[in-house]
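The structure appears right after this line, and notes come after that.
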Amino acid sequence: MRRWRPFATGTWLVLGIPAMDLLGISIMMAAAPLYSAYVQRTALLGVGVMADQQVGGAVMWMFGAVVQVGALLFALREWARANAREAGRLERRGRSARVRSRARSPQTR
């Protein structure tokens, strides 16, 4: 499987943060239960269905964003490392080309 480049990964994560935030806020602020299956399950646990739904939306909103921001910071670090490796590789290539050109040119003094 081919890995995504760090810039593409970062872009994907940045675009995903608002979508997860919006969904989490929508679930948290809903005026009525969104899933009828949870009405029976929360009653068995002794938890109010709206309280459970609001906590679930808040967890999705807050902690989901924290995880995605952490992943974004990791992707940015990998991008910086990839750029540093590429710069080092180009620098080594340039040095070896200069050494070869000096070896071919006659010494003039």
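Kindly indicate whether any position in the range 26-49 is within 30 Å of residue 81 (Cα to Cα) and exposed (fewer than 14 other Cβ atoms within 10 Å of the Cβ).
no
If residue 33 passes every condition in (1) in contact with a helix residue (DSSP H, G or I) (Cβ under 8 Å, 6 or more places away or on another chain); (2) part of a helix (DSSP H, G or I); (3) modelled with pLDDT of 85 or more but one, which one does it miss?
(2)
Out of all the residues in the range 61-71, is one or more more than 30 Å from residue 7 (Cβ to Cβ), part of a helix (DSSP H, G or I) and not polar (S, T, N, Q)?
Among the residues of the range 61-71, not one is more than 30 Å from residue 7 (Cβ to Cβ), part of a helix (DSSP H, G or I) and not polar (S, T, N, Q), which makes the answer no.
Of the residues that sit in the range 70-85 and are among the charged types (D, E, K, R) and modelled with pLDDT of 85 or more, which one is nearest to residue 14 (Cα to Cα)?
Step by step, filter the range 70-85, then rank; the result is 77.
Test residue 82 against the criterion of being more than 30 Å from the chain's Cα centre (by Cα) and exposed (fewer than 14 other Cβ atoms within 10 Å of the Cβ), and give yes or no.
Spelling it out, it is not the case that residue 82 is more than 30 Å from the chain's Cα centre (by Cα) and exposed (fewer than 14 other Cβ atoms within 10 Å of the Cβ).
Which is within 14 Å of residue 61 (Cα to Cα) and without any contact (Cβ under 8 Å) to a residue 40 or more places away in the chain, of 32, 8, 19?
One residue alone meets the criteria, 19.
Do you know which residues across the range 10-25 are more than 13 Å from residue 65 (Cβ to Cβ) and surrounded by 15 or more Cβ atoms within 10 Å (Cβ to Cβ)?
10
The values are calculated or read from the model by the stated rules, or taken from the named source; none is laboratory data. This one's a predicted model, so the numbers in the text were calculated from it and none came from an experiment. So basically every Cβ, Gly included, is an ideal-geometry build from the backbone, and we count neighbours across all protein chains shown.
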